[in-house]
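The values are calculated or read from the model by the stated rules, or taken from the named source; none is laboratory data. Nothing here was measured: the structure is a model prediction, and the numbers come from that model.
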Amino acid sequence: MRALYLNNSGSRWIIPGNTVRVVGTVNGKAYNKIRKVDYYESLGNFATCTVRVNGVRYTGFKSDTSEYYEKDNVGVFIGTLHLDKCRKG
């Protein structure tokens, strides 16, 4: 996959077409959907991902477990982002 850097230092980047399963509670309702990642940001040896849910940005670490699903007859592994463990804003 090709990464596109958003700044000169290389600490923020996007990977076109990358998705993550977002789970948690939003406005008192359970939320479990696949969302497009806005961008990744380096944090030492780790990377956080940022997604938008109902117009609000959530930033956090993807979980270590990946989920397998089929999209257009092609198997894809995606990570999970738990909104309860994310920074909001």
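Overview of values
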quantity: Matching residues in the stretch 1-29 - criterion: being within 16 Å of residue 56 (Cα to Cα) and more than 12 Å from the chain's Cα centre (by Cα); calculated: 24, 25, 26, 27, 28, 29
quantity: Strands (runs of 3 or more DSSP E) (entirely within the stretch 18-89) containing at least 3 residues that are within 20 Å of residue 2 (Cα to Cα) and at pLDDT below 90; calculated: 74-82
